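Visitor: This is the structure, below, for whatever I ask next.
The values are calculated or read from the model by the stated rules, or taken from the named source; none is laboratory data. Bear in mind that the values here come from a model prediction, so they are computed numbers and not experimental data. Using ideal geometry, Cβ is built from the backbone for each residue, glycine included, and neighbour counts are taken over all protein chains shown. For accessibility, only protein heavy atoms count, side chains too; no ligands or nucleic acids. Shrake-Rupley method; radii C 1.70, N 1.55, O 1.52, S 1.80 Å.
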Amino acid sequence: IYSLAIVLPGILMGIMAYQGIINDQARRDQESRNSLTGIADDYFYALDSMLVSDLNSLKNDTPYQDSYPDYLRLAFVHTSNPDIKLLHHNLIFIPDSVESSFSDKENDELLDFLTKIRKYKRLNQYRKALETWQTIEKKFANHLISSKTPVILVAQLEQIKILAQLNDDPETQQAISRIYHTLLHPPLPYEASQFRFFMNELASKNQEDNLALDSVRLLVQNKAEETYFLIRMISEKDPVFLQAKQDPAWPGIYKGLLNRGSLLSIYLAIDRPDNSRIGCIIDIIPFILARSNIIMDKLDPEGSLSWKITDDTDEIICSGITSEENEYSDFNFAENYPNLILEIKENQLSFFSQLKSKGQGLFILIFVFIAGLMIIGLAFTIYTLNHELKLNRLKSDFISNVSHELKSPLTSIRHLTDLLHTNRVKTEGQKKKYYATMLDQTEHLSYLIDNILDFSRLEDHRKKFRFQDVDYAVLLNKWIAGFTQRLHQNGIELTIDIPENLPTTMIDPDAIQQVIQNLMDNAIKYSGKGKKIEIKVRKDATVLITSIRDQGLGISKTDQDRIFDRFYRCEESQEMGIKGSGIGLTIVQRVVAAHRGNIDLLSAPGKGSTFTITIPIKQTNNDEKDTAG
């Protein structure tokens, strides 16, 4: 029934919801790809715009080395002559006879130092000459001699010569290393011819094998080759590679990629109204590093994207990664850029964000609702099945226990009847004793059958209660008297405390008799070694309170919570072989409840039990009443 009513429809609806999620996800993936394509196009457009902006920001009269970004390798102007003017550069030397805004600072103080050096050399005072050159190196680092030769390089070269004369090899090696570093990072621009001069001078020196010197020398040579290449690129106003790669998307702007060794730059140039051409060379990787974060922050202010730029070896150039989930979409840079790839992806939405998303949230809610409904239904079914299985087991135990309880008095009655029928009982006294036993067993059998029948009526809500105004004390004494023989047989002392002048009470005598019989039966069966039972009755305002207390086995706290459940029996009583059906206290509770009363239990293991029933003296209805009342 559960499968037909919930599981099968749930599965069908789940499949439909899942298919809806899949279709919606495919649509979202396509939308996401289109969105990412638009973002990539915007990124490339913004990158190109920034290149154009950097080119347009160049001015013919901009002072040398003023406020240019680090990624600008050099800026230049081709005048109409056509002479070349450098506005800015990061070269280790400049073309010969190039126009530059930097001027020399030769002065009389430097001439005085040179005069002293000549004097020291005539007197063979080479250490003093060396110290003077060291002073000149520090003091005139930004000076040129005759507007061409850097003073710092001259001073360092002369120190090498003096140290060679003094045969001081360690200091000579240090001096050579120092001049190579100066050539690599000159403090001021100087011409290519001067660079070649100093490199030739260093090559003419007898240098021992030195890994550190070889490394820095190779670095200077590579940097020089790169500089020669850049100078050659800007020396011609119309280089061939620009004419061959005119970009229609960049009208009036010359653009080309310079990729040689470690050099990876973009050449940009634009014609000016005065017939000059201004241009620049931009190092592309530093440019991308400086601009990408700015662009992506504008394109994705909410940070919903992860992105990275990688080269052809998959090495990350720069990135803005906030999540590693989902796959990236790849977008290649234009041909005028190096072989770089822009990778973008949407970050994985949280569950609640997905619920808020258009389309997908509805399908997920439906799917979650169906799954939750099926889980709840399955849990309820499992609980119901377990409950029914447990109930069936209890019913089986009940039938077994009832059969055993019914069999005991029947066996006794049959045995005694057989003895009497065959005249094996000789004396009248013995016969009377057997008749009394048979009568007692018959009453006990009747009690057991009445219990079963009443339980059945209570379960089916067919039990009818007939309330009468009776003398409760008289009836109670009568009911208790029926247990005299059983109490005597079990050696149990009974104490009764019933006050005089109790008012008449509106009860169903048969039903309350069954309550007292069940409680007395339990008190006798579970008396254990405590051979005493106390019955007390008292009136309290509008109720009668009856308590039956034994000093027997007692009931644990765990069992007290379930002692009134149908068919429930304590494990200890079962282990000890005490007979019972597990319905007596259930009947007691329901009968007391039908009388608008209640029953309380006070018990502890080994200390006995006290059952207290409280019944109103006058009922609200004198007529017949069922268990639902």
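Visitor: Keeping all protein chains in the complex and leaving out DNA, RNA and ligands, what accessible area do you get for Tyr228 with a 1.4 Å probe, in Å² to the nearest 10?
Guide: Approximately 80 Å² for this residue.
Visitor: Sticking with this structure for a sec: With every protein chain left in place and a probe of 1.4 Å, what is the accessible surface of His421, to the nearest 10 Å²?
Guide: Looks like 150 Å² after rounding.
Visitor: Using a cut-off of 12 Å between beta-carbons, work out the net charge of the residues near Ile344 (Lys and Arg +1, Asp and Glu -1, Ile344 not included).
Guide: -4
Visitor: What are the residues whose amide H is under 5 Å from the amide H of Leu305, where those residues sit 5 or more places off or on another chain and H is modelled from the backbone?
Guide: Counting only residues 5 or more places away or on other chains, the set is Asn347.
Visitor: First compute the accessible area of the stretch 143-240 with a 1.4 Å probe, then give the percent of it belonging to carbon and sulfur atoms.
Guide: The C+S portion of the solvent-accessible surface of the stretch 143-240 is 51 percent.
Visitor: What net charge is computed for the residues neighbouring Gln134, neighbours being all others with C-beta under 12 Å from the C-beta of Gln134, Lys and Arg scored +1, Asp and Glu -1?
Guide: Surrounding charge for Gln134 is +1.
Visitor: Pop out the ³J(HN,Hα) list for the stretch 545-554 in order, Karplus 6.51 cos²θ - 1.76 cosθ + 1.60 with θ = phi - 60°, rounded to Hz; leave Gly and Pro as x.
Guide: Taking θ as phi minus 60°, the curve returns 10, 10, 10, 10, 10, 10, 10, x, 5, x Hz for the stretch 545-554.
Visitor: Using a 1.4 Å probe, what is the accessible area per residue for the stretch 453-522, in Å²?
Guide: 50 Å²
Visitor: Can you give the accessible area of Tyr254, probe radius 1.4 Å, in Å² rounded to 10?
Guide: Counting only protein heavy atoms, Tyr254 exposes about 40 Å² to solvent.
Visitor: Let me ask something else about it. If you add up the charges near Val591, with Lys and Arg at +1 and Asp and Glu at -1, over every other residue whose beta carbon is less than 9 angstrom from its beta carbon, what do you get?
Guide: Neighbourhood net charge equals 0.
Visitor: Per residue of the stretch 432-449, what does 6.51 cos²θ - 1.76 cosθ + 1.60 with θ = phi - 60° give for ³J(HN,Hα)? Whole Hz please, x for Gly and Pro, Karplus curve as stated.
Guide: Once θ is set to phi - 60°, the couplings for the stretch 432-449 become 4, 5, 5, 4, 5, 5, 5, 5, 5, 5, 5, 4, 5, 5, 4, 4, 5, 5 Hz.
Visitor: If I model the stretch 436-568 as equal point scatterers sitting on the Cα atoms and use the Debye formula, what is log10 I(q)/I(0) at q = 0.09, 0.10, 0.18 Å⁻¹?
Guide: -0.30, -0.38, -1.26
Visitor: Any idea what % of Cα-Cα pairs in the stretch 422-482 are farther than 12 Å?
Guide: 79 percent
Visitor: Here's a follow-up. With a 1.4 Å probe and every protein chain left in place, work out the accessible area per residue of the stretch 153-195 in Å², rounded to a whole number.
Guide: Accessible surface, normalised per residue, equals 37 Å².
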